[in-house]
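Step one of this worksheet: look at the structure below.
The values are calculated or read from the model by the stated rules, or taken from the named source; none is laboratory data. Quick caveat, the model's predicted, so the values are computed rather than measured. Quick reminder, even Gly has a Cβ in these numbers, built from the backbone with ideal geometry, and neighbours come from all protein chains shown.
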Amino acid sequence: MKDLKSVKRIISELTEIMTKKQKKKSVIVFASMIICSLLELLSVSVIYPFLDAMVDMDNMSEKWYAHIIYKIWPEITPVTMVLFIGIIIIIVFLLKNCVALLCTYIQQKFSASFLRELSTLMLESYLKRPYEFFVNTNSAVIIRGINGDTSAAYQVMLSIFEFLTSFLTAVMIGVYLLYTDLFVAVGALLLAGICFLVIVYGFKKKLKYAGQAFIDANTKQFMYSYQAVNGIKEITVMDRRGIFIEQYEKASKIVEKLNVTNNFINACPDRILEGVCVGGFIGIACIRIAIGTDAIHFIPVLGAFALGAFKILPSISKMSSRINNIVYNQARLTICYDNIREARQIEKDNIGMREENTSSQYLTDSNTFVFENNIEIKDVVWRYKNSNDSVLNGLCLKINKGESIALIGASGSGKTTLADMLLGLFKPQSGSIIVDGTDIYSIPHEWAKTIGYVPQSVYLIDDTIKANVAFGIPEDMVQEDKVWDAISKAQLGDFVSGLPNGINTVVGERGVKFSGGQRQRIAIARALYENPEILILDEATSALDTETENAVMESIDALIGQKTLIIIAHRLTTIRNCDRVYEIKDGIAFERQKEEVL
């Protein structure tokens, strides 16, 4: 009963993550399996008449298959009949193998398509998660999920197809052998069935444990390699290469051991079944001869069973190894299923919120929110997961359109948390953030177009300045006039114009080919590309030296009056031109006079 529930769960999880199109295609795949199995049955069934005709030509007229041939070709001789049956066998085998190759192609194409679509779906499902998920989840887990767990789900899908193909083949040929010789067939199938059950249930617990252990070890592989590549500068300076290599190798050894275990167990069925088959086959033949069975009549049966065994044994072996493979990868299939299901629920909830507010007067015909008056932060409370201490505790704040507001406070006071809320990344446990009478969380897409963001740590991709400013927009859709306008507003126009390739200059991975100030200005240009009404700068100059900071602040100060600015500052000199200053302390916003803090 437990095993039946496990099978139902696997099938349920697979069908849940499959698209409607994939489900329709799976019917074609299953039909191809049935056709392959029928052709395998046909290829085995034509062997018996051929062998029977060869050893007993004198009694050809008594054979059932001869009666059929005589109706088609009355003048045929026994020798010609043997040749005729032989030609039929060749044609059947050629046809069977051609169709089998086609069926294999259909199965492989479907499975490969499933892997591609699933990995894309996994990436999509992760990107639809709340920002808090990424704060609480190691990036190695996410990368493993997109690349590793999807491959495991693909292996489960492929294993199910191969299991069903082998199962149908074994059943059809088994039924034929029962019809040919009941005694031999029952003995052979009983022996093969016992071996199958011993192999599957004997290794089940070990494989299930190995599959779960592989997830943990593989995650560490991703984590250590990611840390090593991204921290190469610090690792080199501190001479810690050996430590990271050692950590990665330790995790790799566990993965190696688990893969060896899985591959060894999957190789066992062939060896076990081969030995049992040869012994059982000879034993049954000896018993039949010992009880007085006529050897002449038994040889065709023996030949048919030999070919049947040649077909059934690989099928049984493949069935057991594929079940083992499913057990080994089941845990990672469940990870894919859980992640996609949760993401779909999140998307469903968000769609529901949007539909509820689409009639708002604050949405234009193009479905874009228009910021006109003010932002009201009302009694906002927020705390980290599994923490009883509130970072923000009933915070209230009102920001008028066109104002430049500075947020100051000690490290950990909640400035960045408040900024993340204004960006729509975090949702308060209580309270609300209202813009012109509309909750920002009810219009996530419209709000995203209204707001720009410049972080302290700039993320630049290894691409051109143009691609980094128009971040994420396909190249053929990038508007170069908007790129230049944003670069100009970020006070970077003269520098970019002086470059040989202009906006097509490659910045290098994480912008290593540019200075800190230049990277920061590219980030400002990125935030301004869509010409947002509101701009949030989260300690955007704190990592720069004083001279570079002053140059970047000129770019920011030039935006005062043109945009609504919310500036989170560590260095108080950066807020001298702000209209109002608020100190975040004990989870509450206190307005301060600039003279008090400068």
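Any residue at all in the range 380-394 that is at pLDDT 90 or above and touching a strand residue (DSSP E or B) at 6+ places or on another chain (Cβ under 9 Å)?
Keep residues of the range 380-394 that are at pLDDT 90 or above, which gives 381.
Restricting the remaining residues to those that are touching a strand residue (DSSP E or B) at 6+ places or on another chain (Cβ under 9 Å) gives 381.
Yes, the range 380-394 has at least one match.
When residues of the range 371-428 are filtered for being small (Gly, Ala, Ser), more than 12 Å from Ala589 (Cβ to Cβ) and within 40 Å of the chain's Cα centre (by Cα), how many remain?
Here is the first cut: in the range 371-428, the residues small (Gly, Ala, Ser) are 387, 390, 394, 402, 404, 406, 409-414, 419, 424.
From the residues that got through so far, the ones that are more than 12 Å from Ala589 (Cβ to Cβ) too are 387, 390, 402, 404, 410-412, 419, 424.
Still in the running and within 40 Å of the chain's Cα centre (by Cα): 387, 390, 411-412, 419, 424.
Final tally of qualifying residues: 6.
Which of the residues spanning the range 445-487 are among the β-branched types (Val, Ile, Thr) and more than 22 Å from Glu509 (Cβ to Cβ)?
Pass one, the range 445-487, residues among the β-branched types (Val, Ile, Thr): 450-451, 454, 458, 461, 464-465, 469, 473, 478, 483, 487.
If the condition is that a residue be among the β-branched types (Val, Ile, Thr) and more than 22 Å from Glu509 (Cβ to Cβ), then Thr450, Ile451 are the ones that fit.
Keeping to the range 357-379, report how many residues are modelled with pLDDT under 75 and of a type outside the set (Phe, Trp, Tyr).
Total satisfying the criteria: 11.
If only one of Val186, Val200, Val156 is closer than 19 Å to Asn259 by Cα, of a type in the set (A, V, I, L, M, F, W, C), in a helix (DSSP H, G or I) and at pLDDT below 80, which one is it?
Numbers: Val186 fails: closer than 19 Å to Asn259 by Cα; Val156 fails: at pLDDT below 80.
Among Val186, Val200, Val156, only Val200 is closer than 19 Å to Asn259 by Cα, of a type in the set (A, V, I, L, M, F, W, C), in a helix (DSSP H, G or I) and at pLDDT below 80.
Could you identify the single residue in Ile47, Ile35 that is out of contact with any Leu (no Cβ under 6 Å at 6 or more places or on another chain) and either farther than 17 Å from Ser111 by Cβ or in the same structural domain as Tyr176 (by TED's automatic domain parsing) (or both)? It would help to see each step written out before you state the result.
Details: Ile47 fails: out of contact with any Leu (no Cβ under 6 Å at 6 or more places or on another chain).
When all the criteria are applied, what remains is Ile35.
With part of a helix (DSSP H, G or I), among the acidic types (Asp, Glu) and at pLDDT 75 or above as the only criterion, which of Glu249, Glu234 stands out?
Numbers: Glu234 fails: at pLDDT 75 or above.
The match here is Glu249.
Somewhere in the range 523-543, is a residue farther than 30 Å from Asn400 by Cα, among the acidic types (Asp, Glu), modelled with pLDDT under 85 and out of contact with any Phe, Trp or Tyr (no Cβ under 9 Å at 6 or more places or on another chain)? Break it down stepwise before answering.
Taking the range 523-543 as the starting set, the residues that turn out to be farther than 30 Å from Asn400 by Cα are none.
So far as the range 523-543 goes, no, none of its residues is farther than 30 Å from Asn400 by Cα, among the acidic types (Asp, Glu), modelled with pLDDT under 85 and out of contact with any Phe, Trp or Tyr (no Cβ under 9 Å at 6 or more places or on another chain).
Which ranges mark the helices (runs of 4 or more DSSP H) fully within the range 53-144 that have 1 or more residues being modelled with pLDDT of 80 or more? Break it down stepwise before answering.
Numbers: elements: 64-72, 78-127, 131-136, 139-144.
By residue number, 78-127, 131-136, 139-144.
Among all residue pairs at least 6 apart or on different chains, which show Cβ distances below 9 Å where the first residue, located in the range 473-497, is in contact (Cβ under 8 Å) with a residue 24 or more places away in the chain and the second is β-branched (Val, Ile, Thr) and outside any helix (DSSP H, G or I)?
Note: pairs meeting the criteria are Val496/Thr505.
Looking at the range 446-463, which of its residues are buried (at least 16 other Cβ atoms within 10 Å of the Cβ) and aliphatic (A, V, I, L, M)?
Passing the criteria: Ala448, Ile451, Val454, Val458, Leu460.
For the range 477-510, what are the residues that are surrounded by 14 or more Cβ atoms within 10 Å (Cβ to Cβ) and in a loop (DSSP other than H, G, I, E, B)?
Residues satisfying the conditions are Val478, Ala490, Gln491, Leu492, Thr505, Val507.
Quick one: in the range 423-438, which of the residues that are closer than 14 Å to Asn374 by Cβ and not polar (S, T, N, Q) is surrounded by the most Cβ atoms within 10 Å (Cβ to Cβ)?
To start, the set of residues in the range 423-438 that are closer than 14 Å to Asn374 by Cβ comprises 432-438.
Of the ones still in play, those that are also not polar (S, T, N, Q) are 433-437.
On the way: Ile433: 21, Ile434: 15, Val435: 25, Asp436: 16, Gly437: 12.
Filtering the range 423-438 for residues that are closer than 14 Å to Asn374 by Cβ and not polar (S, T, N, Q), the one surrounded by the most Cβ atoms within 10 Å (Cβ to Cβ) comes out as Val435.
Considering Thr120, Thr80, which residue is surrounded by fewer than 19 Cβ atoms within 10 Å (Cβ to Cβ) and more than 24 Å from the chain's Cα centre (by Cα)? Walk me through it before giving the result.
Numbers: Thr120 fails: more than 24 Å from the chain's Cα centre (by Cα).
After ruling out the rest, the residue left standing is Thr80.
Search the range 453-476 for residues being assigned to a loop (DSSP other than H, G, I, E, B) and over 27 Å from Thr564 (Cβ atoms), and hand back the single one that is modelled with the lowest pLDDT.
Top of the filtered list is Ile461.
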